[in-house]
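What follows is calculated from the coordinates using simple rules that are stated; it is not laboratory data. Note that the structure is a prediction, hence the values are computed from the model and not measured. Glycine also receives a Cβ, built like all others from the backbone with ideal geometry; neighbour counts cover every protein chain displayed.
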Amino acid sequence: MRALFPLKQVMGLICSLTLTAAALTVYFFDLSFEAGSSVLLITAFLQAIIQLTVFMHAGEGEDKKIIYTGIYYGAFVALVTVFGSLLALVWGYY
Amino acid sequence: MNFFDRFAVPNPSITIYASMIAIALTVIAIIAGLTYFKKWQYVWSEWLTTVDHKRIGIMYLISALIMLFRGGADAIMMRAQTAVPDNTLLGAKEYNEIFTTHGVVMIIFMAMAFIMALMNFAIPLQIGARDVAFPRLNALSYWLYFFGAMLFNISFVIGGSPDSGWSSYFPLAGTDFSQSVGTNYYMLALQISGLGTLLTGINFITTILKMRAPGMTLMKMPMFVWSALVTNFIIVFAFPVLTVALAMGTMDRLFGTNFFTTENGGMDMLWANLFWVWGHPEVYILILPAFGIYSEIISTFARRNLYGYKSMVISMVAISLLSFLVWVHHFFTMGQGALVNSIFSVTTMVIAVPTGIKIFNWLFTLRKGKIEFTVPMLYTLGFIPIFTIGGVTGVMLAMASADYQYHNTMFLVAHFHLVIIPGVVFAMIAGLTYWWPKMFGFMLNERIGKWAFWFIAIGVCVTFFPMFISGLNGQARRMYTYSESTGFGIWNMISFVGALGLLVGFILIVYNIYYSTRYSPRNIPGDPWDARSLEWATPTPVPEYNFAVIPHVDSSEAFWDYKKKGYQLFRDPVQSIHMPNNSGLPIIIGAGFFVWGFAFVFGIWPVVILSTLFIFGCLAYRSLEKDHGHYIPVSDIEIDEQGGSVQ
Amino acid sequence: MKIDQTLPLEYSTEQNRLNILGFWIFLGAEIALFGTLFASYFTLVNRTGSGPTAAEIFEIMPVIIETVLLLISSFTIGLGIHAMRLGRKRAMLIFFGSTLLLGLSFLAVEIYDFIVYIHEGATLQTSGFTAILFTLLGTHGAHIIFGLFWGLLIMYQIIKNGLTPETTNKAFIFSLYWHFLDVIWIFIFSFVFLKGMM
Amino acid sequence: MNLRRIMMVLIFACTTILAGCQPLKVLDPKGPQARTTANVIWISIGTMAVVVLVVIAMFAYLIIKYRASKQEEDYEPPHIEGSLKLELIWTAIPVVIVAFLSVVTIISTFKVEDVPEGYSKEPLVIYASSSNWKWHFSYPNEDIETVNYLYIPTDRPVQFKLYSYGPISSFWIPQLGGQKYAMADMVNTLNLAADVPGEYSGRNANFTGEGFAEQTFSVNAVSPQEYTDWVEEVKTTADVLTKEKFGELLQPGHLGQSTFKGTHLTFSPPPENHQMGEKSTEKMDTDMNEMNMGDMEDMDHSNMSQ
């Protein structure tokens, strides 16, 4: 039975739940916009990294480099789209 | 509106009725011809169900050529209408439909398909592979593209074409201002073919990264392979943006949502923004493979290795990243202020740097070469000066303050045609001529080809240079007519003459295909151009499995080294070869998507639901199917290899 | 088919390795897809027209439940893959089954959420904000629904054919998909719900 | 080569036409903003002409010198990997050019977005709204409205407030400055000025459907005195713009020019609160304040003249 619950993955789950709880502080405490956003950014990206490395085995195969290149590229495009759109459609008008 | 009224064409005219009859006759002719010559079996088992990348490439090629003529007919009609002031050849509505379909057909269904054609045909051969990573997915990609294109093209005769520009800006494209189903067609046809393109992107990245011949490290790949790799990365990350934008547009039009409306919090600018987040990388999706083809052709016919291989690669990777950082330059005039515009001006101009590096590297490849002016080389050499002019006007357009004056004018139209035609169309014709002997086993006639080149090269300049001037004189784009007092008349007339030249050029290309099919000698060697990369190491015609023995590679020009330095390409003994089986599933799923799209356009929801279930059913069937492909025994391989093999 | 015994079953053939890499690249495309949805969400979030705002309709409890359900399902499918590598078919099937059940409960809570929103006057057609909210959540939810059917199909094949290079390959790819949906949910949880209620 | 010769002739023809006989509208500016952009365009044409000439000269030289027919039969072109030095050179030169053009762009963009300098008077505010396929011009301070034509004085900058009663349109007077979009859910600001009296053509440059080609208007730039006279004349002769009348004007179609007393701003106000953010609300408030102040000034003015 023990073999079915490897420590790494159990720790991963505990980390995930802890980070979720940490993120919830922005709801239960009255944080400033900047502080709240920073907490969310940090917890969200940490969670994503845990999923990728612990659960998705992103770094285990021979294609590690390609996989990470793909993810970085995707993240780059997503971030550029998000912030560029905000820049062009919202912030630019102030 | 009555249910059946929506299927009627909103502004019928003689041309539309004529095309209806023409389409019907063509379909009947094809069906009758196939039946009469008893070719159904052959067409179905050898082509429609094929998973062979070479055949899929050829099917892409035929589709692209048909679309080229559809889009070209639109272009000629546009130039004819605007050739003289106050012309009444076409009405405003017809003109609007024509320029919209011209844009969509040329970009999505012609240029993209042409690129897919050449990538499909050449990439596996160039990396020494037997097929792509997912052959069946590749066939599905083609059929999604094909049925998307068909769906878009029937809009002309059922329900009306889209008429709000290829960029389809909301709220003009919304239901308030575009009541016909035309824009629904636009949304769904692009969605379906876009899905096909995305799958191709995934397929080719995997193929190029995982299936290269032993020894071919990334920095030993031919330049066309590099350009295809970079392009497919852009495809994979840019097309989802289009998917989302189209889905939102479809929902606005059919489900009454408020994404791009002007009330209840909708934001019309968001469409423009998302469209160009995809649209600008799309430009590089078109141009980068072209750069790759030029690199191959220049080094082949200058008889020299490509100058500055490393900086070519670095500059392409740089372009691929920068291409995602510049889209706001398509709407500098939207009012986002000087700071935002300055940022995007600078990022846009920065793209000129890697592009400049490539131009100079090509020029220096010519240096100390031994230049032969074959047809592919002529297009490549024609590309350099015309593209440079198109490119530098791009830098001019990138300057936000000046763009306020160029935006939406014929200056812009001149710029992007002078980039896309020498950049993409020249490359496609060059690539077509270059790889034609490998595809079909005979050469295209050089003399007719050269005539076609001169008509096209001069035609492009004569058509588009005058637009710079009329644009600076205040002619906005997409105007179906103008008054004589504007003074635009002379420039538009010159453009029309140039367009006729282009028409002659393209007709010559078709004539060349006809002529060469009839008269060209068939016994050509596997390497007729004395070229440098691995596709020429195969016999002509290329066997199903491409390479009897997978080659070993030690440099970016392995085949050249094999010919000149006695380098050993094929070292392993012949073994039986595993190949995938043909499958009817891709075309069936594609047809399912066609029905789905058509029903969606007209909001026939029961059919939408049924076809959705059908598509998922096909996927489930595929998952449960046991199909491990087949083996070609050694005896068959050796029989094939007697003949034109270079081994 | 050449089977490399030194690697886990799901990696053991050339085609399997291609499939896994191809799926990773597909996930890259999904990142761009959801990135675009997020970009649209952030642009439209304050454009509520005459409809309710984010703070007015969001509730914390269902969201916390959904998050925990999905996190645990991500954990169980991770265990499923671990069991698969140990060759323990029954354990793997149990873990996969619980994953799908957790996914189903997640969907139930999400549908409950949607009903609440609609009762509070936030339908798909109400405003720019509600349109993108339903589209973003709906796209994620549709992925989960697709995943449920896909997962069932894979369980069926494993029951029928056992742990072969083919079935393990499919199961592994499915696990990547499921983890990915969890990652997306974490971003929805943080930047849609928590930010909206901050 | 044939091609090169044709290109040279064409480029030469283009430049002579650009420089000479008949001035092109964009390069024939009648106001400070258009002059700035025209200068930018000339700078960029000059810079780019050098680039094009260098590339084409090198290109011509290379294809003539290294063509196969001039080479010996057994000439084997050498294998050259590339040269870091040369490649750095043709990276560095474009970088310098781009840096130069970037500076030009940034300075000029901020300049043309701003109110033109050197005027003692406050800008004249005109609300320009498009509908299919017309332009409505409201002068809130003067309390008059015109359709498809404009009168502007030459001694003060003009600030256009742009919005649309339909699809995205683009407001463009080539001889006075660049264009900007008019959209249905927000107000954009475009600062122009005319310093030479004359009649200029303006149009919608962004495709808006069937009647787009004819969506034009004319701009009469006149001396301050003439402008005041015109305003007075309109006020005494024109009909009042009622809500019903404005509703008729908005119907899709083409209209000639017409003139009204009163503006539609009172009963059909421009879109507000584009971004729903606090700052943008403040901005709109100040706009409205300006407008009210303008109205008051106008009232004072009319009181005085009475």
- Determine the calculated [θ] at 222 nm for chain B from helices alone, applying -39500 (n - 2.57) to every DSSP H run no shorter than 4 residues and normalising by the residue count; nearest 500 deg cm²/dmol. -21500 deg cm²/dmol
- Message: Output the 0 to 90 degree angle, nearest 10, between the alpha-carbon long axis of helix A:64-89 and the longest principal axis computed from the alpha carbons of chain A.
- Response: 20
- Task: Grab the beta carbon distance between D:L250 and B:R447, set R0 = 45 Å, and tell me the FRET efficiency rounded to 0.05.
- Result: 0.15
- Task: Give the Cα extents of chain B along the principal axes, in whole Å, largest first.
- Result: 71, 59, 48
- Item | Separation in nanometres of the label points that stand 7 Å from Cα toward Cβ, at B:I76 and B:F4 | 3.6
- R0 of 25 Å, Cβ-Cβ distance B:K39-B:N581: FRET efficiency to nearest 0.05: 0.70
- Item | Karplus-derived HN-Hα couplings along the stretch B:35-52 (A = 6.51, B = -1.76, C = 1.60, θ = phi - 60°), whole Hz, x at Gly and Pro | 5, 4, 8, 6, 9, 4, 4, 4, 4, 5, 7, 9, 10, 5, 9, 5, 10, 6
- Longest segment of chain B lacking trypsin sites (Lys or Arg not before Pro) that sit in a DSSP loop with at most 14 other Cβ atoms within 10 Å: B:40-521
- Item | Between helix B:426-440 and chain B: long-axis angle, C-alpha atoms, 0 to 90°, nearest 10 | 40
- For the Cα atoms of chain B, what angle does the longest principal axis make with the long axis of helix B:605-624, in degrees from 0 to 90, nearest 10? 20
- Karplus ³J(HN,Hα) for the stretch B:178-187 (6.51 cos²θ - 1.76 cosθ + 1.60, θ = phi - 60°; Hz, whole; x = Gly/Pro) runs 10, 7, 6, 7, x, 5, 4, 4, 3, 4
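At most 11 other Cβ atoms within 10 Å and a DSSP loop assignment: could you name the chymotrypsin sites (Phe, Trp or Tyr not before Pro) in the stretch A:1-59 that fit? Walk me through the intermediate numbers first.
Details: sites: A:Y27, A:F28, A:F29, A:F33, A:F45, A:F55; in loops: A:F29.
Listed in order of number, the matching sites are A:F29.
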- Task: Run the dipole for chain B about the Cα centre, Lys and Arg Cβ at +1, Asp and Glu Cβ at -1, nothing else charged, and hand back the magnitude in debye, nearest 20.
- Result: 1300
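What is chain B's relative contact order, in percent, from Cα pairs under 8 angstrom and six or more apart in sequence? Can you show the working numbers first?
Working: 1026 pairs, mean separation 109.7, N = 647.
Relative contact order for chain B comes out at 17 percent.
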- Go ahead and run the numbers for FRET between D:F100 and D:Q257, Cβ-Cβ distance against an R0 of 41 Å, rounding to 0.05. 0.35
- Excluding residues fewer than 8 places away in the same chain, name every one of the lysines whose C-alpha is closer than 22 Å to that of D:K261. D:K134, D:K161, D:K235, D:K243, D:K245
- Simple SL model, points at 7 angstrom along Cα→Cβ for D:D229 and B:V634; separation in nm is 10.5
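If each residue of separation counts as 0.36 nm, what is the full-extension length gain between B:I31 and B:Q179 once their alpha-carbon separation is subtracted?
Details: separation 148, 0.36 × 148 = 53.28 nm, distance 3.51 nm.
Once the chain is fully extended between B:I31 and B:Q179, it gains 49.8 nm.
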- Among B:A402, D:P224, B:W276, whose Cα sits farthest toward the positive end of the charge dipole of the protein assembly as shown (+1 at Cβ of Lys/Arg, -1 at Cβ of Asp/Glu, about the Cα centre)? B:W276
- Note on the structure: Residues meeting the amide H criterion for B:N305 (H placed from the backbone, H to H distance under 5 Å, 5 or more places apart or on another chain) are D:I80
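Counting only DSSP beta bridges with both residues in the protein assembly as shown, tell me the antiparallel percent, nearest 5. Walk me through the numbers on the way to the answer.
On the way: 34 of 49 bridges.
In the protein assembly as shown, approximately 70 percent of DSSP beta bridges are antiparallel ones.
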- About its Cα centre, what dipole magnitude does the protein assembly as shown give when the only charges are +1 on Lys and Arg Cβ and -1 on Asp and Glu Cβ, stated in debye to the nearest 20? 4620
- Message: Suppose every Lys and Arg Cβ carries +1 and every Asp and Glu Cβ carries -1, with no other charges. What dipole size does the stretch B:1-285 come out with about its Cα centre, to the nearest 20 debye?
- Response: 1240
- Message: Quick check on my link table: of A:K65/C:K160; B:K368/B:K563; B:K220/B:K370; B:K54/D:K70; B:K210/B:K626; B:K310/B:K370, which ones sit more than 27 Å apart, alpha carbon to alpha carbon?
- Response: A:K65/C:K160; B:K54/D:K70
